[in-house]
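K.L.:
Below you'll find the structure I mean.
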Amino acid sequence: MDKPKILIVDDEEGIRTQLKWALDKDYTTFMAEDSDTALNLAEKEKPDIVLLDIALSPYEGKEEGMMLLQKFLQHDSLTKVIMITGNDTRENALKAINLGAYDFYSKPVKIDEIKLIIERSLHIQDLERENRLLHERLAKEQRFDNLIGSCELMEQMFDIIRRVATSNATVWIQGETGTGKELVAKAIHYHSLRKDKPFVPVDCTTIPVDLLESELFGHEKGAFTGAEELIKGKVEMADGGTLFFDEIAELKPELQMKLLRFLQERYIERLGGRNPIPLDVRVITATSRDIQAELAKSNFRKDLYYRLSVVSIQLPPLRERGDDCNVLANHFLNKFSIEENKKLRGFNDDALEIMKRYSWPGNVRELENKVKRAVIMASDRFITPADLGLQGVDLNLELEEARNKLEQEYIIEALTRTNGNVKRAAAELGVTRQAFYDMLKKHS
């Protein structure tokens, strides 16, 4: 078994030689007297431990040691850097600990003490390395493409995705804003036989109404003022692949009719065109709206809904996914720490508690944004509620909001099932008709 590697960085030759002589039996040692040599050796040899003088020389000063410390940790966060300090630099040693140094000791060098610190640091390093491998393994087990989760609701959803991916059935994805509806659609596409063909998303909320028909079905040259060339629409661009309608409930009635006709006949006509164009397209749709309420109000065609919802997938909100919140938070922490080139150790206890109790109205997207903010704002190695922007959140209010939302959903469902009959809806909910009217008034 290879011996652990130790890099000794000190501008005093006597200390370098003393440390090398004392450690050579149990470790592979390298020596450097300046920062350039140290960085070159670190890149080449990848040491497990660095013994680093805080003040390398009168010319480089104490800040040089701090700079080296950060560069060693940027290179590999598992490297254990032990600072060497004079009696007058203990304050700087504590600053170094805050920047990520493992430990420090004061000159004059005491070999037995240094060996003990090194042994302890290697033990911690082994535990951290095992923990990292465990997290990587768990992350692979807990994810389906870019979807991450291990709760029962997510496992059920992963199973549905696997089953439906190999078919050509239309899929209806229902879920609150930020739950990952497009990620589910992509997972279905990239596990299907169409994976080598286009995946074409259409956001029904961002395309102007007067342009939507042209965006979907394309147009011929001269079809309208400004149509100077033939343009293929999104549906035609998805030929052989998958067409994904995000927020399908926003689609206007006239376009709902045209989409229904396409699903029935499997061909389109471009605006200004006369020749039908046959297409092979799988359609996946998603919405954050309560589709039953939209159907009850005739805002969405029932015949189109039944065509689109051969298979329905309900995405769970983050507040119902248990420990997945922590799994996702750590995933985003690792992702954004790399992007921002910051070495963070995790979330402190207060941050973990507030993330657990917060209702996450914006779901996974909100969690991702808050963790990104935290990585940027963090001034310590552990993220705090203030870094997340959650230090002033009234968790009791969050709970009340969640209760109100659930009550609203029950009211809408009861009215939908009873075709708007207040007396029957009240009976279904087990309240008096007057109490039901009070609930309607409460929720506008």
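The values are calculated or read from the model by the stated rules, or taken from the named source; none is laboratory data. No experiment lies behind these values; they were computed from the predicted model shown. We place every Cβ from the backbone using ideal geometry, glycine too, and count neighbours over all the protein chains shown. Surface areas here come from the heavy atoms of the whole protein model, side chains and all, with no ligands, DNA or RNA. Shrake-Rupley method; radii C 1.70, N 1.55, O 1.52, S 1.80 Å.
K.L.:
I'd like to compare 373-379, 271-277: which one has the highest average count of other Cβ atoms within 10 Å, and what's the full order after that? The partial results should precede the final answer.
P.N.:
Values: 373-379: 16.1, 271-277: 12.9.
Peptide ranking by packing, descending: 373-379, 271-277.
K.L.:
What does the accessible area of Glu407 come to, in Å² to the nearest 10, when a probe of 1.4 Å is used?
P.N.:
50
K.L.:
What's the tally of Lys pairs in segment 261-400 whose alpha-carbon atoms lie under 17 angstrom apart, where the two lysines are 8 or more places apart or on different chains?
P.N.:
Lysine pairs, 8 or more places apart or on different chains, close enough: 7.
K.L.:
First check a/c for segment 3-43, with a ≥ b ≥ c the square roots of the eigenvalues of its C-alpha gyration tensor; if it is under 1.5, answer rounded, and if not, answer prolate when a/b is larger than b/c or oblate otherwise.
P.N.:
In terms of gyration-tensor shape, oblate.
K.L.:
Still on this structure, please answer the following. With every protein chain present, what is the per residue accessible area of segment 115-240 (1.4 Å probe, Å²)?
P.N.:
Accessible area per residue, segment 115-240: 56 Å².
K.L.:
What do you get when you divide the Cα radius of gyration of segment 1-84 by 2.2 N^0.38 Å, with N the number of residues?
P.N.:
Values: Rg = 11.8 Å, N = 84, 2.2 N^0.38 = 11.8 Å.
For segment 1-84, the normalised Cα radius of gyration comes out at 1.00.
K.L.:
For a test of the definition: using alpha carbon positions, the gyration tensor, and the 1.5 limit on a/c, classify segment 191-239 as rounded, prolate or oblate.
P.N.:
In terms of gyration-tensor shape, oblate.
K.L.:
Also, quick follow-up: In terms of the Cα gyration tensor, with a ≥ b ≥ c the square roots of its eigenvalues, is segment 141-206 rounded because a/c is under 1.5, prolate because a/b exceeds b/c, or oblate?
P.N.:
oblate
K.L.:
With springs only between Cα atoms under 10 Å, which of Ile248, Ile117, Ile313 fluctuates most in a Gaussian network model of the chain?
P.N.:
Ranking Ile248, Ile117, Ile313 by mean-square fluctuation puts Ile117 first.
K.L.:
For the chain, what % of the accessible area comes from carbon and sulfur atoms, probe 1.4 Å?
P.N.:
C and S fraction of accessible area: 49 percent.
K.L.:
Between helix 181-190 and the chain, what is the angle of the helix's C-alpha long axis to the longest principal axis, kept within 0 to 90° and rounded to the nearest 10?
P.N.:
The two axes meet at around 90 degrees.
K.L.:
Percent relative contact order of the chain, based on C-alpha pairs within less than 8 angstrom and at least six residues apart?
P.N.:
It comes to 12 percent, rounded to a whole number.
K.L.:
Rank these residues by their accessible area, most exposed first, probe 1.4 Å: Trp21, Trp172.
P.N.:
Output order, biggest surface exposure first: Trp21, Trp172.
K.L.:
Still on this structure, I have one more. Can you give me the Kirkwood hydrodynamic radius for segment 213-363, using every pair of distinct Cα atoms, in Å to one decimal?
P.N.:
19.2 Å is the Kirkwood radius here.
K.L.:
With every protein chain present, what is the per residue accessible area of segment 302-371 (1.4 Å probe, Å²)?
P.N.:
Values: 3640 Å² over 70 residues.
Ligands and nucleic acids excluded, the figure is 52 Å² per residue.
K.L.:
Gaussian network model of the chain, Cα springs within a sub-10 Å range: biggest mean-square fluctuation belongs to which of Val422, Val283, Val364?
P.N.:
Looking only at Val422, Val283, Val364, the biggest GNM fluctuation is shown by Val422.
K.L.:
Keeping all protein chains in position, work out how much accessible area Leu352 exposes to a 1.4 Å probe, and write it in Å² to the nearest 10.
P.N.:
Looks like 60 Å² after rounding.
K.L.:
Let me ask another. Determine the gain in length on full extension of the stretch Asn419-Lys232; use 0.36 nm per residue of separation and subtract their C-alpha separation, reporting nm with one decimal.
P.N.:
63.1 nm
K.L.:
What is the gain in length, in nm to one decimal, between Asn40 and Arg163 on full extension, counting 0.36 nm per residue of separation less the C-alpha to C-alpha distance?
P.N.:
That pair, Asn40 and Arg163, stretches by 39.0 nm at full extension.
K.L.:
Just tell me which lysines come within less than 20 Å, Cα to Cα, of Lys25; anything on the same chain fewer than 8 places away is out.
P.N.:
Here the lysines satisfying the reach criterion relative to Lys25 are Lys3, Lys5, Lys46, Lys80, Lys110, Lys115.
K.L.:
Hey, what angle do you get for helix 253-265 against the long axis of the chain, alpha-carbon based, 0 to 90 degrees rounded to 10?
P.N.:
Roughly 90 degrees, rounded to the nearest 10.
K.L.:
So for each of 197-203, 325-331 I average, over its residues, the number of other beta carbons within 10 Å; can you give me the resulting order with the highest mean first? Before the final figure, lay out the partial values.
P.N.:
On the way: 197-203: 17.1, 325-331: 19.0.
Ranked by mean Cβ neighbours within 10 Å, highest first: 325-331, 197-203.
K.L.:
Based solely on C-alpha atoms, express the radius of gyration and the Dmax of segment 174-281 in angstrom.
P.N.:
Cα-based Rg and Dmax for segment 174-281 come out at 14.4, 42 Å.
K.L.:
Also: Using the reciprocal of the averaged 1/r over all distinct C-alpha pairs, how large is the Kirkwood radius of the chain in Å?
P.N.:
Averaging 1/r across every pair of different Cα atoms and inverting gives 26.8 Å.
K.L.:
Okay, next question. Quick one: check the C-alpha center-to-center distance for segment 323-388 versus segment 225-289, whole angstrom.
P.N.:
When both Cα centres are located, 40 Å separates them.
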